[in-house]
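What follows is a short report on a single structure.
What follows draws every value from the coordinates through simple rules; no lab data is involved. In this text the structure is predicted, and so the values were computed from the model without any measurement. Here the Cβ positions follow ideal geometry from the backbone for every residue, glycine too, while neighbour counts run over all protein chains shown.
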Amino acid sequence: MEHYDSSEKNGPFRTYFFPFKLWKQVVTAFLFCLAANGTISAQDTAVISIQNNAKWTISKHIYGHFSEHLGHCIYDGFWVDSTLPVAKKDRIRLDIVEALRKIKIPNLRWPGGCFADEYHWRDGIGPRKQRPKMINTNWGGVTEDNSFGTHEYLELCSLLNCEPFIAGNVGSGTVEEMSKWIEYLNFNGESPMAKIRKENGRAEPWKVTFWGVGNETWGCGGNMTPDYYANEYKRFASFAKDYPGASLKKVVSGANSTDYNWTETCMKNIPLWQMWGIGLHYYTLPTGNWSSKGSATSFDEPEYFATMKNALFMDELVSHHEAVMDKYDPEKKVALAVDEWGIWTDVEPGTNPGFLYQQNSLRDALIAASTLNIFNNHSQRVRMANLAQTVNVLQALILTDKEKMLLTPTYHVFDLFKIHQDARYLPVSLKSPEYISGNKKLPAVNVSASTDSTGATHISLVNINPSKPVTTVIYLNDIIAKTISGQLLTAPQLTSINTFDKPGTVQISHFTGFKKNGNILTVVLPSKSIVVLELR
Ligand code: AHR
């Protein structure tokens, strides 16, 4: 992982879509008034201007999730023992389904991850007792009984009311195997695969459209070079057929973090018509070091600062991949799909290191909210993203312990931000004060805004400063704001977590810390907080 200090390169302020000269005038005039007034210190004030000039739609698929056969995400997560005393459909846990329906998850990526490239779909269909077992070599070497397969996953998606996103096996699979899986899923006529599907109890095809052609083919998915993979992609994609009503949206297995050459090689060699999107995987490591990533629950301020710096790097990363894509696709036909992202810490002490089980703190919520703001601000190109992973793995939304279940701080961020799904993006300019730690600095505030189909405007604001509130002045221009309401996510400490005994330590509350005067809205963002405002 590379370290990058955006504050060093771009200065502490990031400005979207607003000419710098105009900015200078607005900000100087504004700060002059405040200083003259003696009310607010200019250094502590954020200034935002929102243009009522909707540009494009923020795809709901930015708010996507990921569920791999890894640790207790699927098994003892979504898919539980039939004796577990919780409400279930078949063996799918319905309390989890209900919680995820509430936040409107738009898609769920499956079956991996690294697992995808050793998964053979035919082992996961038919009578469960007859399904062959396999070893999950990537994740703890446990025995996979294949009881959760294609039918079970698609039943889960249907209960969740979300779109499936399947990653096909390129690494250890064949073109024929992938091609037949798609026929099994999507063909509505008479065919060998459709016949087997019907024998397995499903008459109608599911019409799956999001289709990943391999996963991390530069690593666990086959250790390929980009040139080799680009050729393989074309071969696999050629036989990944569209069937009536199920035109595939194929996603290229994308770059690892800053491997811009990977994106470049794929964009150069794969014809645009053969791909819907190209992936990108980036994880935030608190220490930046894979062998000792840092604890999920115990960290000091320097480590918090480093973590936030690594998380905010997503902005630079996405910009750079976009610039590469623009060279080959200036009309932005191909989506950038950040199909794995999130904070990756050391596992909770005493848990299986192969299961990637980590707690989730207010820090993680600040990362999630800041990252979603970044994706919204890049939503002309970023049209899909998948947080890793939904239940009990990495930056989870939900943790379970037998029949108990809790919602993490990150869950609440997705609850707050669901209002941006499929809303129209509003250009925002921001001048943020600095969050200074030692001799290092980051922008304290980040923001994005959208307007929905009912005419409501939503502004999502994050203050990453752990100890200082930030007064934020928002120029609404001609945005209607007859009524304003707000929601807040914060907690006593950055390390605050929800536990099975105390599940409500980090939760959403009502927010009233704003005042409107004419078309200027002044908001006092508490330290380490996320605020979402609704203007009507
Ligand atoms: O999300 C955990 C793992 O991280 C995935 O299996 C893999 O794609 C990535 O390296």
Under 29 Å from K234, Cα to Cα: lysines that are on another chain or at least 8 residues apart: K60, K180, K195, K207, K249, K250, K268, K327, K332, K333
Most positive-pole-ward Cα, V338, M134, G77, against dipole of the chain from beta carbon charges: V338
Formal net charge of residues neighbouring V251 (Cβ-Cβ distance under 13 Å; K, R +1; D, E -1): 0
Relative compactness, segment 434-536, computed as alpha-carbon Rg over 2.2 N^0.38 Å: 1.18
For E340, residues with placed amide H under 5 Å, excluding near neighbours: L280, Y282, N386
If the convex hull is drawn through the Cα atoms of segment 312-392, its volume per residue in Å³: 100 Å³
Highest average packing first - 254-262, 120-128, 410-418, Cβ atoms within 10 Å: 410-418, 254-262, 120-128
Calculated P(r) tail over 20 Å for segment 166-260, as whole % of Cα pairs: 39 percent
Lys/Arg +1, Asp/Glu -1 at C-beta; segment 60-422 dipole; positive extreme among G277, N186, T174: N186
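Which value in Å does the Kirkwood hydrodynamic radius of the chain take, with 1/r averaged over all unlike C-alpha pairs and then inverted? Walk me through the numbers before you get to the answer.
On the way: mean 1/r = 0.0419 Å⁻¹.
Its Kirkwood hydrodynamic radius stands at 23.9 Å.
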Anisotropy class of segment 397-467 from Cα gyration tensor, a/c 1.5 cut: oblate
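In the calculated pair distance distribution of segment 214-338, what percentage of Cα-Cα distances lie above 24 Å?
37 percent
At 4 °C and 1.567 mPa s, what whole-number value in µm²/s does Stokes-Einstein give for the translational diffusion of segment 96-148, with Rh from the Kirkwood sum over Cα pairs?
Taking Rh from Cα pairs, D becomes 101 µm²/s.
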Residues of type lysines that K441 reaches as a straight line, Cα spacing below 19 Å, ignoring anything fewer than 8 places off in the same chain: K9, K309, K431, K468, K528
³J(HN,Hα), Karplus 6.51/-1.76/1.60, whole Hz, each residue of segment 49-64, x for Gly, Pro: 10, 10, 8, 7, 8, 4, 9, 7, 8, 7, 4, 4, 6, 4, 9, x
P(r) histogram, all alpha-carbon pairs of segment 235-296 included - 10 Å bins from 0, percent: 18, 36, 24, 16, 6
Aspartates and glutamates with Cα under 15 Å of K55, excluding same-chain neighbours fewer than 8 positions away: E331, D422, D452
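Per the helix-only calculation at 222 nm, which mean residue ellipticity applies to the chain, given -39500 (n - 2.57) for every DSSP H run of n ≥ 4 and division by its residues, nearest 500 deg cm²/dmol?
On the way: 11 runs with 139 residues, N = 536.
Calculated mean residue ellipticity at 222 nm is -8000 deg cm²/dmol.
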Peptides 238-249, 442-453, 467-478 ordered by average Cβ neighbours within 10 Å, highest first: 442-453, 467-478, 238-249
Segment 60-422 - charge dipole about Cα centre, Lys and Arg +1 at Cβ, Asp and Glu -1, debye rounded to 20: 1060 debye
